[in-house]
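Below is one structure, written out as structure tokens, with a few remarks after it.
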Amino acid sequence: MIDHIEPRLVDLTINLKKDSKMKKLLAGAVLLACSSATYADAPGGPNCGWGNMLLEGKTGLLNHMFALTTNGTSGNATFGMTLGTNGCSVEGPLTYGGDSMVWFNGVLDEYSTDVALGHGEALNAVAVMLGVEPADRAHFSQIMHANFDALFPTTETTGQEVLNSMVVVMAEDAKLKKYVG
């Protein structure tokens, strides 16, 4: 029996090592999605939707998740924002209280290698996360590659510093400035 288990474990370990780059990118995407849902004020305001009405005053992860699910699955928050009902308003600014793109640090090494090469999975994944349209992704890769020294001035450059530099580089490019506001 043990003879049959060990080769499977070896194959599994090899496959996990091969896919580690993709797993990091996927984990980064999940972290980004989760951190956005957890730390951002809800579109429509903090009081928007039946979930908020039903659970008013309650705290804790389960209550927040139930309110989120109630608002999301019934579509009542969207209805409320459109018509100004259900405690919803679109007047206030959306806010975000978390660190900007925490997921980025998890792929920084792969991203720097891809930027140096001018292509690669991490470079494409970052373009996708930034909302760069498929038609502009090759241009994004070229611009990031051409600005490698601005993005990574030292080996100690942090993920946040790279992101800040990316915003500057993208804002100065005619095609990419639309992605950074």
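Any read-out appearing in this document is the output of simple, stated calculations on the displayed coordinates, not a laboratory observation. Because the structure is a prediction, the values reported are computed rather than measured. Don't worry about glycine lacking a Cβ; one is built from the backbone with ideal geometry, like all the others, and counts go over all protein chains shown.
Here is how the numbers come out for the structure above:
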item	result
Length added when fully stretched, V168-N47, from 0.36 nm per residue minus Cα-Cα	40.0 nm
Calculated from backbone phi, Karplus (6.51, -1.76, 1.60) coupling profile of segment 110-123 in Hz, x at Gly/Pro	5, 5, 4, 5, 5, 5, 4, 7, x, 6, x, 5, 5, 4
Calculated FRET efficiency for the pair E91/K58, C-beta based, R₀ 25 Å, to 0.05	0.50
